[in-house]
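Only one structure is covered here, and it is reproduced in the block below.
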Amino acid sequence: MIYWQLFYEFLTIGLVAIGGGLVTIPFLADLSEKFGWFSLDELTDIIAISEITPGTIGINVATFAGFKTGGIIGGIIATLGLALPAFIILLFFSNFILRYKSNPTFQSILFGIRPAAIALILYAGLVIAKLSLTEWKTQLLSLILLILSFIIKKSPIFYIAISAIAGIIFEM
Amino acid sequence: MPSLAEIFAVFFKIGMFTFGGGGVMIAWIQDELVRKKKWLKDEDFLYFYAIAQCTPGIIAINVATMVGYTLRKKAGAIVSTIAVILPSIMVILLIASLLPDITTNVTIMHAFNGIRASVVAIITNVAVNMLINNVKDWRGRSIFALAFLLLIIFAISPVTTVIFGCAAGISAQKIPVGKKEKI
């Protein structure tokens with residue numbers, strides 16, 4: 001049955017894809033070759049669409065791929081399959097963290113994890129900059145918004161709205 | 001302690017207004033839950049983020065699950081995870097049939113290219129503010145600088161970066177500092 005197979009395949013991807021949504025993409029390319037549920041061209045479209053719709057790319061791609069394969073129910077099943085393994089693992093982890101939060105060794109580990117996590121966030125920004133800020137207009141806009149974000153502390157939606165309008169006006 | 005309905009509302013809003021991928025969602029979660037609602041501290045948020053890197057699945061969703069658990073245990077985790085995923089499922093299913101029109105629409109693509117510029121600014125702002133507010137002594141700053149250099153030069157994986165952070169944290173605590181500080 002197609003739904004069961006969709007669920008199983010996306011559950012497997014959800015279990016092995018460590019490092020976030022973009023990591024799921026090579027696995028989806030495999031699915032395309034293995035089952036022909038969607039073509040590689042369609043997968044490319046799915047990724048482009050996912051970037052301009054709300055939500056994380058990994059979840060969007062799963063919903064879309066599931067929809068292509070098994071309609072609305074397929075979309076829901078694929079998404080649940082992808083999210084389930086992480087959910088179960090994290091329930092365990094969260095419980096563990098709350099329990100051992102005051103342990104001295106755990107505190108030392110957290111002392112080092114915090115700056116490392118910040119380095120990862122900053123690096124993610126750098127990677128996206130390299131990939132997507134390929135012309136001077138977007139580079140300049142990004143720099144202006146960055147400076148602005150330190151002066152007037154607004155919520156992310158403010159910068160997203162400004163940048164979308166700027167993108168249309170200046171034809172980026 | 002926030003109610004399940006409040007948790008649902010906040011995460012649904014975050015899921016709805018995250019354009020540009022998980023990095024922006026991370027910025028949203030920090031802005032809404034740490035800065036505005038104060039349900040969470042930056043330090044909690046950061047180790048959730050580190051753990052989310054090393055566990056399977058989508059990073060931002062993983063952070064949402066852990067935040068939900070911290071607020072209202074298992075029920076909180078279920079509510080936050082579903083609420084953050086729900087908007088994207090609904091929108092994707094809705095536009096699935098409109099696909100060709102969207103990718104060929106020039107205005108939408110221009111808007112999207114603009115949004116990409118803000119994504120970089122939003123993520124960088126979050127990282128710099130967290131560094132200023134949460135990593136105040138030279139040992140922490142050195143760990144940050146080293147991790148960032150390793151990422152740029154050797155493109156080490158997120159899991160390796162977090163393991164490096166753990167090891168550096170344990171070693172750093174053995175270095176005596178002038179005054180005893182609170183972590």
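Derivation of every value follows stated rules applied to the coordinates shown; laboratory data play no part. Worth saying up front: this structure is predicted, and the values here are computed from it rather than measured. All Cβ positions, glycine included, derive from the backbone under ideal geometry; neighbour counts span all protein chains shown.
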Q: Describe numerically, in nm with one decimal, the distance between label points set 7 Å from Cα along Cα→Cβ at B:LYS73 and at B:ALA167.
A: 3.9
Q) What list of whole percents do you get for P(r) of the protein assembly as shown, with Cα-Cα distances grouped in 10 Å bins up to the one holding the largest distance? A) 6, 25, 34, 25, 9, 2, 0
Q. Label-point separation (nm) for A:ASP41 and B:THR160, each offset 7 Å from Cα along Cα-to-Cβ?
A. 3.8
**Q.** Proximal charge balance of B:ALA147 [Cβ under 15 Å; K/R count +1, D/E count -1]
**A.** +3
Q | Fewest-first sequence of B:MET25, B:MET16 by Cβ atoms within 10 Å of each Cβ | A | B:MET16, B:MET25
Q. Which residue, A:SER102, A:SER132, A:SER50, tops the fluctuation ranking in a GNM of chain A built on C-alpha contacts under 10 Å?
A. A:SER132
Q | Which of B:THR81, B:THR55, A:THR79, A:THR105 has the fewest Cβ neighbours within 10 Å, and the rest in rising order | A | A:THR105, B:THR55, B:THR81, A:THR79
Q: Lys and Arg at +1, Asp and Glu at -1: add these up for the other residues within a Cβ distance under 12 Å of B:ARG35 and post the number.
A: +3
Q.
Show log10 I(q)/I(0) for the range A:72-172 at q = 0.11 Å⁻¹, two decimals, from a solvent-free Debye sum over equal Cα scatterers.
A. -0.67
Q) How large is ³J(HN,Hα), in whole Hz, for each residue of the range A:110-124 in order, when computed from phi with the Karplus curve 6.51 cos²θ - 1.76 cosθ + 1.60 and θ = phi - 60°, using x for Gly and Pro? A) 5, 4, x, 5, 4, x, 5, 5, 5, 4, 5, 5, 4, 5, 4
Q: Please find, in a Gaussian network model of chain A (springs between Cα atoms separated by less than 10 Å), the residue of A:LEU43, A:LEU120, A:LEU148 whose mean-square fluctuation is greatest.
A: A:LEU148
(Q) Contact order normalised by length for the range A:63-143, with contacts defined as Cα pairs under 8 Å and 6 or more residues apart; what percent is it? (A) 12
Q) Which whole number gives the average count of other chain Cβ atoms within 10 Å of the Cβ atoms across peptide B:34-47? A) 2
Q | Low-density loop cleavage sites - trypsin sites (Lys or Arg not before Pro) in the range A:96-138, where at most 12 other Cβ are within 10 Å (DSSP) | A | A:LYS101
**Q.** Cα-centre dipole for the range A:1-90 with unit charges at Cβ (Lys and Arg positive, Asp and Glu negative), debye to 20
**A.** 240
Q | Fluctuation leader among A:VAL61, A:VAL23, A:VAL127 - chain A, Gaussian network, Cα springs under 10 angstrom | A | A:VAL127
Q: Using Cα centres only, tell me the gap between the range A:73-104 and the range A:118-172 in whole Å.
A: 31
Q: Averaging sequence separations of C-alpha pairs under 8 Å and six or more residues apart, then dividing by the length of the range B:27-183, give the relative contact order as a whole percent.
A: 18
Q. Hey, what number do you get for chain A at 222 nm if only DSSP H runs of n ≥ 4 count, each worth -39500 (n - 2.57), divided across all residues, to the nearest 500?
A. -28500 deg cm²/dmol
Q | In nm, spacing of pseudo-spin labels at A:PHE150 and B:LYS37 (7 Å Cα→C-beta vector) | A | 3.0
Q. Convex hull volume of the Cα atoms in chain B, per residue, in Å³?
A. 147
Q. Summing Lys, Arg as +1 and Asp, Glu as -1, what charge do residues with Cβ under 13 Å from the Cβ of A:PHE38 carry, A:PHE38 excluded?
A. -4
Q | Table column - 3J(HN,Hα) (Hz), the range B:35-51, Karplus curve with 6.51, -1.76, 1.60, x for Gly and Pro | A | 7, 7, 7, 6, 7, 8, 9, 3, 5, 4, 4, 5, 6, 4, 4, 5, 5
